[in-house]
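Enquirer: The structure follows.
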Amino acid sequence: MIAILLDGIVQGLQLSLMAVGITLIFGLGGVLNLAHGQFAVVGGIATALFVGEGLHPLAACVLGVLTAGLFGLVVDRTLLVPAYRCAGEERLLLGLLITLGLSFAVNGFLDLRYADVALTLRLPTPSYELGGVTVRSASIVAALIALGAFALLFAFLKGTLLGKVIRSIIQNEVGAGLCGINPGRIRTLIVVLSAMLAGLGGIAQGLFSSVGTEMGNELTSFALIVAVVGGVRSINGTLAAGVLLGIVNAFASYLVGAYMTLLILLATAAFTILLRPQGLFAYRT
Amino acid sequence: MNRERHLADYVALAAVVAVLALVPLAVGDSAHFMRLATLMLVYIAYAVAFNIIFGHTRQLFLCLGALAGSSGYVSVVLTIKLGLSPWLTIPLGVASAALLGGVFSYVSVRRGLGVIFVGIVTLVFSLIFHNLVLGLRELTNGETGIETKGLGPAVLQSAPASYYAVLAVVAASLVMYHLLMRSRAGKAFQAIADDELAAELAGIDVTFYKVLAATIGSALLGTVGAVYAYYSGFISPTVYSLVSVDIVVLVTLLLGGMGTLLGPVLGGAVFAVLDEVVRPLGRLNVLVYGVLMIVLVVTFRHGLVAMLRKVLRVRIP
């Protein structure tokens, strides 16, 4: 039982790592990124390619995260510019359609060029014994990665001036602009940061299963579900929702099977939108 | 003036249908091209439906394939399991699709969901539908799909006859679209698309008209989905997936022009040609769809009809 709980928490942290990017980009840029899973896959595939070049895995992972970030930068500076020019509903719609198109373009491209590339990371020791429970070392590493990333993210958002600036834009873009903040530059920063987090999530996923070109849509849908359940503007909510859904996912997979679990998760997302569009845990960002 | 306009629209419509009716004479010998032409009509009809739902009332339904598929599966499964006539099960399938679409629309209007949340809810429904079909193996045969050869109405068994059957659906949907747009509902749709709040304040029952648009559009999606199920001789979750329906329809409609009568037809025809051009490139087509969609959304948001109107300086319905 404890093993399942731990497993769920680790999975949940993974999910949150993916979802927090969607939350950040939506909160700050007003664009719902439907290509987020593809960012993760780009990170994963890049890492696999660097490992294939003979690089040390750790260095390859760092380069993979940077590649995802670079990809995010390019997307933000080129494709999303027309969306940023609009405001309100129009921007949402344009951003949604552009990123949807992007997700297919990336899927198609990766499938074409790197169909046989997949990332699998193997750790030297497969499992540890902790207080009578066997824990996979992959879980420990993944949990540490996610917790580390979140700690850094929170420290950045709460502790630095730039973090304060970011939070101010999430609260009110016009107001922030009036205080002399340039939302465009901050937005780029956030998109890059989110893409890097997604890339990190994709690489961490490689600890458990092989990350190939076909994972993109699945990762996007899971991240989207978590972001929606957490409230697409709340970072705390996203973290909480990720862990909660991770635990639900682990127990449901154990009790009723993977197929029903997916349906349960999807239904949770649908009902959250319908009953509490602001998210289950949305009270502050 | 108004009457002349409607007459011109009907002439244009009749011309389009006549041209489409002549297609089998040109390609009749080749089974491959007949299939492509029929598929083109199927996507045109999907696009007409999406045009009503999204083009006119701004409800971003990302579950077109799922709605068409729910109708197709309901009809096929009932026909196989209960041995009912397809003439009975197709309307049942259509009704289920219309009901689903209407409920989505009603709930999202009532909850005041923005365009993006309607998109997410319907996207989630797409995923649920896909997984349900995969999971309910006893009924749907999961990923393997169901053979529907010889099950459907006789008219859908031979290639030319099914082409004309689908053409009849397309023609009927275009006429219905035209009648809908010139009625009271059409004016309401226009007002809603321009400014929903202003429409509400002007006394238009926004909920009613949005649900109406979604229900009619979904019923049309269901009709095409069911007809396609029997025509193609085989259905599987892939046939109705997001990639094979929603994306193509979005591209078709954006290409042709949203909110126009002939946009879906033009878009469908151009897309069919384009699709055939990229087919030799194999798996590249997903990449092409994606890039095309981005390019269209960014630079060509008003579509071919608007462009032709500008260039030729004629009124195109």
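Enquirer: Give segment A:130-153 a look and list any residue that's farther than 17 Å from A:L5 by Cβ and free of Cβ contacts under 8 Å to residues at least 40 places away in the same chain, or say none.
Expert: Residues satisfying the conditions are A:S137, A:L144, A:G148, A:A151, A:L152.
Enquirer: Quick check, is B:Y73 open to solvent by less than 50 Å² (accessible area, probe 1.4 Å) and touching a strand residue (DSSP E or B) at 6+ places or on another chain (Cβ under 8 Å)?
Expert: On the way: open to solvent by less than 50 Å² (accessible area, probe 1.4 Å): yes; touching a strand residue (DSSP E or B) at 6+ places or on another chain (Cβ under 8 Å): yes.
It is true that B:Y73 is open to solvent by less than 50 Å² (accessible area, probe 1.4 Å) and touching a strand residue (DSSP E or B) at 6+ places or on another chain (Cβ under 8 Å).
Enquirer: Looking at (1) open to solvent by 30 Å² or more (accessible area, probe 1.4 Å); (2) part of a helix (DSSP H, G or I); (3) β-branched (V, I, T); (4) over 30 Å from B:V291 (Cα atoms), which is the only condition B:I192 fails?
Expert: (1)
Enquirer: Mind counting the residues in segment B:104-126 that are away from chain A (no Cβ under 11 Å) and hydrophobic (A, V, I, L, M, F, W, C)?
Expert: 1
Enquirer: Any residue at all in segment A:21-33 that's open to solvent by 20 Å² or more (accessible area, probe 1.4 Å) and in contact with a Ser or Thr (Cβ under 8 Å, 6 or more places away or on another chain)?
Expert: We begin by selecting, within segment A:21-33, every residue open to solvent by 20 Å² or more (accessible area, probe 1.4 Å); these are none.
Checking segment A:21-33: not a single residue is open to solvent by 20 Å² or more (accessible area, probe 1.4 Å) and in contact with a Ser or Thr (Cβ under 8 Å, 6 or more places away or on another chain).
Enquirer: Show me the helices (runs of 4 or more DSSP H) found entirely inside segment A:137-181 where at least 1 residues are under 24 Å from A:V65 (Cα atoms). Working first, answer last.
Expert: Working: elements: A:137-159, A:161-171, A:173-178.
Of the helices (runs of 4 or more DSSP H) lying wholly inside segment A:137-181, those with at least 1 residues that are under 24 Å from A:V65 (Cα atoms) span A:137-159, A:161-171.
Enquirer: For segment A:82-95, does any single residue satisfy the condition of being touching a strand residue (DSSP E or B) at 6+ places or on another chain (Cβ under 6 Å) and buried (at least 18 other Cβ atoms within 10 Å of the Cβ)? Write out each step before concluding.
Expert: Going residue by residue through segment A:82-95, those that are touching a strand residue (DSSP E or B) at 6+ places or on another chain (Cβ under 6 Å) are none.
No, segment A:82-95 has no match at all.
Enquirer: Any residue that is closer than 23 Å to A:I45 by Cα and among the charged types (D, E, K, R) - is there at least one of those in segment A:120-138?
Expert: Taking every residue of segment A:120-138 in turn, at least one turns out to be closer than 23 Å to A:I45 by Cα and among the charged types (D, E, K, R).
Enquirer: Of (1) surrounded by fewer than 20 Cβ atoms within 10 Å (Cβ to Cβ); (2) free of Cβ contacts under 8 Å to residues at least 24 places away in the same chain, B:V115 satisfies all except one. Which?
Expert: Unmet condition: (2).
Enquirer: In segment B:151-163, which residues are closer than 22 Å to B:V76 by Cβ, open to solvent by 50 Å² or more (accessible area, probe 1.4 Å) and not in a loop (DSSP other than H, G, I, E, B)?
Expert: Within segment B:151-163, B:A154, B:V155 meet the criteria.
Enquirer: Also: Where residues in segment B:209-218 are hydrophobic (A, V, I, L, M, F, W, C) and under 12 Å from B:S108 (Cα atoms), which of them is surrounded by the fewest Cβ atoms within 10 Å (Cβ to Cβ)? Before you say what the answer is, go through the steps one by one.
Expert: So in segment B:209-218, the residues hydrophobic (A, V, I, L, M, F, W, C) come out as B:211-214, B:216.
Now drop any that are not under 12 Å from B:S108 (Cα atoms), which leaves B:211, B:214.
Working: B:V211: 23, B:A214: 29.
The residue in question is B:V211.
One line per residue, one yes/no per condition, for (1) among the basic types (K, R); (2) at pLDDT below 90; (3) touching a His at 6+ places or on another chain (Cβ under 9 Å):
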| site | (1), (2), (3) |
| --- | --- |
| B:F61 | no, no, no |
| B:G69 | no, no, yes |
| B:V74 | no, no, no |
| B:V77 | no, no, no |
| B:W87 | no, no, no |
| B:V94 | no, no, no |
| B:G112 | no, yes, no |
| B:F129 | no, no, no |
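Enquirer: Something else now. Please return the ranges of helices (runs of 4 or more DSSP H) entirely within segment A:20-124 where 3 or more residues are within 20 Å of the chain's Cα centre (by Cα) and either under 16 Å from A:Q205 (Cβ atoms) or without any contact (Cβ under 8 Å) to a residue 24 or more places away in the chain (or both).
Expert: A:36-52, A:57-77, A:88-113
Enquirer: Within segment A:182-199, restricting attention to residues that are out of contact with any Asp or Glu (no Cβ under 6 Å at 6 or more places or on another chain) and among the β-branched types (V, I, T), which residue is modelled with the highest pLDDT?
Expert: In this case the residue turns out to be A:V192.
Results for (1) away from chain A (no Cβ under 14 Å); (2) surrounded by fewer than 15 Cβ atoms within 10 Å (Cβ to Cβ); (3) among the acidic types (D, E); (4) touching a helix residue (DSSP H, G or I) at 6+ places or on another chain (Cβ under 8 Å), shown as yes or no for each residue.
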{"residue": "B:V94", "(1), (2), (3), (4)": "yes, no, no, yes"}
{"residue": "B:G102", "(1), (2), (3), (4)": "yes, no, no, yes"}
{"residue": "B:H130", "(1), (2), (3), (4)": "no, no, no, yes"}
{"residue": "B:V133", "(1), (2), (3), (4)": "no, no, no, yes"}
{"residue": "B:E143", "(1), (2), (3), (4)": "no, yes, yes, yes"}
{"residue": "B:K149", "(1), (2), (3), (4)": "yes, yes, no, no"}
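Enquirer: Collect the residues in segment A:107-126 that are facing chain B (nearest Cβ under 7 Å) and open to solvent by less than 20 Å² (accessible area, probe 1.4 Å), keeping them in residue-number order.
Expert: To start, the set of residues in segment A:107-126 that are facing chain B (nearest Cβ under 7 Å) comprises A:107-109, A:111-112.
Across segment A:107-126, the qualifying residue is only A:G108.
The values are calculated or read from the model by the stated rules, or taken from the named source; none is laboratory data. Remember, predicted model here, so these are calculated numbers, not experimental data. Neighbour counts run over all protein chains shown; Cβ positions are idealised from the backbone, glycine included. The accessibility values were calculated without ligands, DNA or RNA, using every heavy atom of the protein model including side chains. Shrake-Rupley method; radii C 1.70, N 1.55, O 1.52, S 1.80 Å.
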